[in-house]
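Here's the structure, in structure tokens; my notes come after.
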Amino acid sequence: MSPSSVVLLPWAPSSVATARWKLSADLREAGLVAAEIGDAALVLSELLSNAIRHARPLPGALVQASWALCDTSLTVSVRDGGGRTRPHAGHPSPSSLGGRGLAIVECLASTWGVQDSTGGVTVWAILPAPPCRGPGAVNGHAPSASEA
């Protein structure tokens with residue numbers, strides 16, 4: 001199974017939970033383990049939260065979240081209307097209340113980046129995913145014939 005989704009969401013903080021739920025459901029159905037689902041949901045949350053906090057919406061007051069699961073990786077991305085500055089990992093002081101989102105993405109993802117396009121900016125991250133997936137998979141491994 002190779003799930004992918006593109007979701008247009010309202011430009012609102014409540015959309016973060018909606019996107020996390022949909023991503024988690026898709027990845028559970030694909031057989032990913034809880035830790036990988038949690039990492040992907042956290043990355044998506046950070047990207048969406050940053051878009052809603054620091055950028056402009058797409059036309060119609062929307063933001064776009066998408067993900068695509070391939071053989072050994074999961075690509076998660078968020079597209080918005082762009083902001084005054086280019087997204088970058090911050091280096092906040094220990095007492096700062098924010099500014100750690102993209103540093104978290106940097107730690108969890110194999111790589112991440114920013115792509116400019118007409119009318120918007122997409123921030124993407126690629127996370128590792130195990131090669132063995134599928135309904136009924138346990139800890140990233142498909143059940144054996146005796147278990148199926």
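We did not get these values from a lab; they are worked out from the coordinates using the rules stated. Here the structure is a predicted model, which means the values were calculated and not measured. Glycine gets a Cβ as well: all are built from the backbone with ideal geometry, and neighbour counts include every protein chain shown.
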Relative intensity, log₁₀ I(q)/I(0), of segment 9-57 from a Debye sum that treats every alpha carbon as a point, q = 0.18, 0.26, 0.27, 0.31 Å⁻¹: -0.53, -0.89, -0.94, -1.10
If R0 is 22 Å, what FRET efficiency do you get for Ser5 and Ser117 from their C-beta distance, rounded to 0.05? 0.70
Mind giving me the nanometre distance, one decimal, between the label points for Ala35 and Ala103, set 7 Å out from Cα along Cα→Cβ? 2.3
Stretchable slack from Arg56 to Trp21, in nm (0.36 nm times residue separation minus alpha-carbon distance): 10.2 nm
